[in-house]
């Protein structure tokens, strides 16, 4: 299949193609930002993988087809919560340098644009992120300022294999890995059409918007409905951060993608317009008493402006809002109208004041106010009408307006889309039916590889050596796998060979699919062919002039270098020669 890596690179791929196709193998956050087609290709790779299809056999999903779409998503969410952890350990996939990556990506994107748009190159976001030391927040500060992590996006196989790593008991992955895992599982397990699934990436995060009911957002392992989006809890506040504070850089859909930097977009124009409307609607809420209570839960610094009235033994009592909210942490009840009385009844009477507390607004009065008033913040009369409810003689008007301004921001998130001024190019959509089986999906995606680049790249993300050229995989293996190099840097050649040989001869990928060297190293297992490439990666780093030949014939792998020959077994069923 392959007689020479260098020849393969030159004759089959031009320079730009080889970077893109090899990036489909390593799938770092930086690579996905530069090559946005990769985001959907990984999701398709997960759909083609047998792993999520095996979930169907789990008793947890028994009779799931009888549930409505939202209940299906809830069932899936709990499965993911139970079986996967969020992982952002920068040591998992190793380090590279800013200089190396900028030089690599310069032919594709202006360097200053990369720096403005990517956290690893200096981007610090807006508002929430502006004052945050990004390097310290993500633990990069212990390295030189030019060092940055690869932060590779894991396939579902690599996510599952985390359980083989020390200190991990189940699967794991970072935010992009979890978002594409969700997207694939929503299609396979919940039978949500691809048309209803949108992958959204910002410089610091990745989420999905699911067009079901009023909308659902996946956030790492959790999901957030519209009601949850405005509940004021810490978990929801974290889920909101990207939408509130960052530019959406990529939107990926079965009809194509749109990217904030590139002038051309392949997503269907009408689909994009419809998504804008639906997502904006999801991110906006009318103001009512429930929302006001939720707002004060999130913006706790404003609780000191409010008090709550409570009838106790036939007499009116008053409690500071911050004291009442503090009891939510140990109670199943909330300050909100439906459970407020039950929450307050749990609080000892000595916490209450017998008279109204000076300089504080009484929260209760807004209950009736919002039942008869709908506030339009664009209308000054409405603003005055709600301010009139703030009967608090000693509170400055400026403070009252601050409260209202913050309340408005809480209820109105204006997402920054990649832009409408794009050249929307018609492209071949990915048309998969939720009734198709895995084999039919693979056949279909193969049939459109020449028409849809994400479909083509998906087979490289799948790591399928029987359906791809080997060159991009080898290039990625030799250039972007620093963990194995660092881990075994002190081992002599013979000790290194012995160490690899002692690992279980088991691959984390089924059939003719291949693990990268750092996956072999991280999970301490590998097929003989995978071990041979891992060995080549380490030896070439030590001596770039060294010539290495790897021959694989069915179940037999022979590696030749420096007058040495190593024989290992392979279960990949592949035949070919790799000359490095």
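The values are calculated or read from the model by the stated rules, or taken from the named source; none is laboratory data. Values in this document were obtained by computation on a predicted structure and should not be read as measured data. So basically every Cβ, Gly included, is an ideal-geometry build from the backbone, and we count neighbours across all protein chains shown.
Considering only region 418-435, how many residues are in contact with a helix residue (DSSP H, G or I) (Cβ under 7 Å, 6 or more places away or on another chain) and over 15 Å from residue 268 (Cα atoms)?
2
When we screen 546, 535 for residues that are under 21 Å from residue 475 (Cα atoms), surrounded by 24 or more Cβ atoms within 10 Å (Cβ to Cβ) and without any contact (Cβ under 8 Å) to a residue 40 or more places away in the chain, the only hit is 535. Out of curiosity, is residue 500 outside any strand (DSSP E or B) and over 17 Å from residue 25 (Cβ atoms)? Yes: the conditions hold for residue 500.
Filtering region 295-328 to residues that are out of contact with any strand residue (DSSP E or B) (no Cβ under 9 Å at 6 or more places or on another chain), within 20 Å of residue 347 (Cβ to Cβ) and crowded, with 19+ Cβ neighbours inside 10 Å leaves 297, 325.
I want to confirm something. Restricting to region 509-520 and keeping residues that are touching a residue at least 40 places away in the same chain (Cβ under 8 Å) and in a helix (DSSP H, G or I), which single residue is nearest to residue 46 (Cα to Cα)? Only one residue fits best here, namely 519.
One residue is enough: does region 427-443 have a residue meeting the conditions under 30 Å from residue 36 (Cα atoms) and buried (at least 23 other Cβ atoms within 10 Å of the Cβ)? Yes, region 427-443 has at least one match.
You will find that of 167, 133, the residue that is modelled with pLDDT of 65 or more and either loosely packed, with under 13 Cβ neighbours inside 10 Å or not assigned by TED's automatic domain parsing to the domain that holds residue 19 (or both) is 167 and no other. The listed residues are 296, 302, and the only one of them that is in contact with a helix residue (DSSP H, G or I) (Cβ under 9 Å, 6 or more places away or on another chain), modelled with pLDDT under 90, closer than 21 Å to residue 401 by Cβ and not in a strand (DSSP E or B) turns out to be 302. At least 1 residues being farther than 30 Å from residue 194 by Cβ is the threshold, and among the helices (runs of 4 or more DSSP H) wholly inside region 404-497 those reaching it are 471-479, 482-487. Among the residues of region 54-69, none qualifies, meaning not one is at pLDDT 95 or above, surrounded by 20 or more Cβ atoms within 10 Å (Cβ to Cβ) and touching a helix residue (DSSP H, G or I) at 6+ places or on another chain (Cβ under 6 Å). Within region 326-370, the residues that satisfy the criterion of being without any contact (Cβ under 8 Å) to a residue 12 or more places away in the chain and either over 21 Å from residue 316 (Cα atoms) or not in a loop (DSSP other than H, G, I, E, B) (or both) are 326, 329, 330, 332, 342, 345, 350, 368.
Find the helices (runs of 4 or more DSSP H) located wholly in region 44-113 whose residues include 3 or more that are touching a residue at least 24 places away in the same chain (Cβ under 8 Å) and over 30 Å from residue 438 (Cβ atoms), and list them.
Of the helices (runs of 4 or more DSSP H) lying wholly inside region 44-113, those with at least 3 residues that are touching a residue at least 24 places away in the same chain (Cβ under 8 Å) and over 30 Å from residue 438 (Cβ atoms) span 98-105.
Which residue out of 430, 448, 397 is outside the structural domain of residue 356 (by TED's automatic domain parsing) and either touching a residue at least 24 places away in the same chain (Cβ under 8 Å) or more than 30 Å from residue 249 (Cα to Cα) (or both)?
Values: 448 fails: either touching a residue at least 24 places away in the same chain (Cβ under 8 Å) or more than 30 Å from residue 249 (Cα to Cα) (or both); 397 fails: outside the structural domain of residue 356 (by TED's automatic domain parsing).
Just a single option satisfies the conditions, and that option is 430.
Does any residue of region 454-468 turn out to be surrounded by fewer than 23 Cβ atoms within 10 Å (Cβ to Cβ), under 22 Å from residue 433 (Cα atoms), assigned by TED's automatic domain parsing to the domain that holds residue 27 and touching a helix residue (DSSP H, G or I) at 6+ places or on another chain (Cβ under 6 Å)? Taking every residue of region 454-468 in turn, at least one turns out to be surrounded by fewer than 23 Cβ atoms within 10 Å (Cβ to Cβ), under 22 Å from residue 433 (Cα atoms), assigned by TED's automatic domain parsing to the domain that holds residue 27 and touching a helix residue (DSSP H, G or I) at 6+ places or on another chain (Cβ under 6 Å).
The residues on offer are 200, 186, and the sole one that is in the same structural domain as residue 39 (by TED's automatic domain parsing), in contact with a strand residue (DSSP E or B) (Cβ under 7 Å, 6 or more places away or on another chain), assigned to a helix (DSSP H, G or I) and surrounded by 24 or more Cβ atoms within 10 Å (Cβ to Cβ) is 186.
Listed conditions (1) assigned to a helix (DSSP H, G or I); (2) surrounded by 12 or more Cβ atoms within 10 Å (Cβ to Cβ) are all met by residue 375, apart from (1).
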